[in-house]
Every structure is written in structure tokens, then in C-alpha cells.
Amino acid sequence: MTWRGRSPTQWLLIACFVIVATVTAVAVVRTVREVRFWNAHRDEPIEGWMSIGFVAHSYHVPPYVLEQAIGLPPGPPPDHRRLARIAADTGVPLATLKARLLNAIVHVRPPYPPPGPPPPRQPPGTGKPASSAR
């Protein structure tokens, strides 16, 4: 059978296979790139351009531990502000913020006991924790 002699069903199956193979290849490439990125950025020195989430991911700690360490109120995650912006908004020098974050990171990693569960989140626009809002 030649390429031109295939039925429409066969062409459809070939097209589906090519599409699935392409999507799979793209997913594999993206996963490999992400793994390589985070392996290269493990325990990065804390800088003002980083967010709480980036620091948490780099140091393998829960973000709520870092939020508690710098005095952010529990709220809807995630806080995407840069550390320099958080320092400016709270009036705390960036160096103090870095020291608090590093202290929390040291104390959340072994040999210290693991952190407890995250605090209840507050729904946006309310002053009460989610568990007591009725």
C-alpha cells in the first residue's frame, strides 16, 4: 500500500499519533528544563528581587513558614511581591527581612522538628479566619 492509497481513517490515525507525539515531546522538554533550573537554583542567596514563593521553592520550605517569619498576615496565597517591595511596604530593612527568612529556613529544616500545619487562611475582605467565618 502506498502513502497516497491510505484511507481517511488511516490519515486521521497518523495525524493523531503525530499530534500526541509532539505534545509528549514538548511536555518532556519542559519538565527537563524545569528540573535543570531548580537543581541549579537550590539554596540561592536571598535577594530583593525574589518572591516568597521563589525563596520557599529554592530552600524547600513551606511558604507559610516564611510568611509567618516576616510577619505577613495569613491570607490568600500566594504573595507574588518581591522581597524589596515587602520590605518597603512593611518599613523593615531588606537586610532584616533576609535575616528573618534565613532564621526561619534554618529552624524549619532538620534537625529541628517539622513545622506544624499552615494557619487558617482569611477570606478576602474579612478580618476573620476562614474557620470562624460563618
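What are the residue pairs meeting all of these: first residue in the stretch 65-83, first residue without any contact (Cβ under 8 Å) to a residue 24 or more places away in the chain, second residue open to solvent by less than 30 Å² (accessible area, probe 1.4 Å), Cβ atoms under 7 Å, and 6 or more apart or on different chains?
So the pair list comes out as Glu67/Ile52.
Would you point out which residue out of Val35, Val61 is among the aliphatic types (A, V, I, L, M) and modelled with pLDDT under 85?
It is Val35.
Within the stretch 69-87, how many residues are modelled with pLDDT of 90 or more and more than 14 Å from Ser51 (Cβ to Cβ)?
Counting residues in the stretch 69-87 that are modelled with pLDDT of 90 or more and more than 14 Å from Ser51 (Cβ to Cβ) gives 1.
Can you tell me which residue in the stretch 50-96 is most open to solvent (accessible area, probe 1.4 Å), limited to those that are among the charged types (D, E, K, R) and part of a helix (DSSP H, G or I)?
My answer is Arg85.
Return the residue satisfying two criteria in turn: it lies in the stretch 15-49 and is within 18 Å of Thr90 (Cβ to Cβ) and of a type outside the set (A, V, I, L, M, F, W, C), and of such residues it is surrounded by the most Cβ atoms within 10 Å (Cβ to Cβ).
Only one residue tops the list, namely Gly48.
The values are calculated or read from the model by the stated rules, or taken from the named source; none is laboratory data. For clarity, every value in this text was computed on a predicted model and none was experimentally measured. Glycine also receives a Cβ, built like all others from the backbone with ideal geometry; neighbour counts cover every protein chain displayed. In case anyone asks, the SASA skips ligands and DNA or RNA and just uses the protein heavy atoms, side chains included. Shrake-Rupley method; radii C 1.70, N 1.55, O 1.52, S 1.80 Å.
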